[in-house]
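Student: Quick one: this structure, given as structure tokens, is what I'll be asking you about.
The values are calculated or read from the model by the stated rules, or taken from the named source; none is laboratory data. As the structure is a computational prediction, the values presented were derived from the model and not from experiment. In this analysis, Cβ positions are derived from the backbone assuming ideal geometry, glycine residues included, and neighbour counts consider all displayed protein chains. For the accessible areas, the whole protein counts, side chains as well, though only heavy atoms, and no ligand, DNA or RNA atoms are used. Shrake-Rupley method; radii C 1.70, N 1.55, O 1.52, S 1.80 Å.
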Amino acid sequence: MQYKGFSVEKLQVAAFDWDNTLVCSREALVYSINQILPLYGLPAWEEVKNRRDRNLSFRDNFPRIFGNKAEEAYEKYRQVYLKYAPRFLKTADAAPDVLHFLQSKGVKIIVVSNKDRFLFDFELPLLYDSNLFVRTVCGHEAAKDKPFPEQLEFAAAGLADEITPDKVWMIGDSPMDSRCALAAGAKAVRIGHPIWDTAEEAESDAVSFVTDFKLFLRILREQNACGTGQNI
């Protein structure tokens, strides 16, 4: 497969999804939610997850799963997650190397995630140097979350003079990430496989698919071998 269009010469902002993109968190999430579901007479996550709306974040799906007990259930989930997640969480292989490479080229790196801010702030220092990111935006902090463009637009405001595919990239694992990118006018990069095994959608021609961060790093180095690539 030929990979094209990864020159960072004009790139101003690289926006990354968090869960299952920069961070391997699925195991922590599934373990934690499976401690809560039996308290409400519900089956394991592998069955319950079919109730979710794929256009909503994990947290925003709680009313669909727990009904009027959603707020209470989410707080219980959050406490379990805080206790047990550190034993499961890890950075995606070569993801820190990609971030350091982009930072060395003068690219501003941001996080655009639908994750709960409280949990994100808990996880970040366990996994990454916060100085890598010039901005982090979490769920409910923009007018609308992914897959709507408002979250990326809000996150990139003041960091890019305009959102175009050569100036702003959105890198994530799911159709939710790529739909957000395309709606905002950014380059959509899909890396790895979606955490919830979401079926591929009819957007593949507009999305750059990359297997993993190791390959992404190799592509970036190959296509940006000449010059400094610094944004001025």
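Student: Among the GluC sites (Glu not before Pro) in region 24-100, which ones are in a DSSP loop with at most 16 other Cβ atoms within 10 Å of the Cβ? Mind listing them?
Tutor: Taking region 24-100 and a limit of 16 other Cβ atoms within 10 Å, no loop GluC sites (Glu not before Pro) are found.
Student: Related question: Residue 54 to residue 97: extension gain in nm, 0.36 nm per residue of separation minus the Cα-Cα distance?
Tutor: 12.4 nm
Student: Let me ask something else about it. Output the relative contact order of the chain, whole-number percent, from Cα pairs under 8 angstrom with separation of 6+ residues.
Tutor: 27 percent
Student: Here is a further query. Leaving out same-chain residues fewer than 8 places away, which aspartates and glutamates sit with a Cα under 15 Å from that of residue 10?
Tutor: The qualifying aspartates and glutamates are 161, 162, 166.
Student: I need the peptides 134-147, 5-18 ranked by packing, meaning the mean over residues of other C-beta atoms within 10 angstrom, with the highest value on top.
Tutor: 5-18, 134-147
Student: Moving to a separate point now. Specify whether the C-alpha gyration tensor of region 91-162 places it in the rounded, prolate or oblate class, a ≥ b ≥ c being the square roots of the eigenvalues: rounded for a/c under 1.5, otherwise prolate if a/b is larger than b/c and oblate if not.
Tutor: It comes out oblate by the Cα gyration axes.
Student: Shape call for region 34-74 from the C-alpha gyration tensor, a ≥ b ≥ c root eigenvalues: rounded (a/c under 1.5), prolate (a/b greater than b/c) or oblate?
Tutor: The shape class here is oblate.
Student: Quick check: from the Cα gyration tensor, does region 143-185 come out rounded (a/c under 1.5), prolate or oblate?
Tutor: oblate
Student: Keeping the other protein chains in place, figure out the carbon and sulfur percent of the accessible area of the chain, with a 1.4 Å probe.
Tutor: Taking all protein chains in place, the chain shows 50 percent carbon and sulfur surface.
Student: Taking residue 69 as the anchor, which lysines have their alpha carbon closer than 28 Å to its alpha carbon, excluding any fewer than eight residues away along the same chain?
Tutor: In chain and number order, the partners are 49, 83, 115, 144, 146.
Student: Now a separate question. Leaving out ligands and nucleic acids, note down the accessible area per residue over the chain with a 1.4 angstrom probe, in whole Å².
Tutor: Using a 1.4 Å probe on heavy atoms only, each residue of the chain averages 48 Å².
Student: Can you figure out the FRET efficiency of residue 206 with residue 122, using R₀ = 45 Å and their beta-carbon distance, to the nearest 0.05?
Tutor: About 0.85, to the nearest 0.05.
Student: Could you name the aspartates and glutamates in cross-link range of residue 214, using Cα to Cα under 13 Å and dropping any fewer than eight places away on the same chain?
Tutor: Straight-distance partners of residue 214: 93, 97, 222.
Student: Right, something else. Starting from one equal scatterer on each C-alpha and no solvent at all, send me the Debye-based log10 I(q)/I(0) for the chain at q = 0.10, 0.12, 0.17 Å⁻¹, two decimals.
Tutor: For the chain at q = 0.10, 0.12, 0.17 Å⁻¹, log10 I(q)/I(0) is -0.45, -0.65, -1.26.
Student: Continuing with this model, one more query. At 20 °C and 1.002 mPa s, what whole-number value in µm²/s does Stokes-Einstein give for the translational diffusion of region 7-55, with Rh from the Kirkwood sum over Cα pairs?
Tutor: Here the translational diffusion coefficient equals 158 µm²/s.
Student: Something else now. Post the alpha-carbon centroid distance, region 10-30 to region 54-86, in whole angstrom.
Tutor: Computed from Cα coordinates, the inter-centre distance equals 19 Å.
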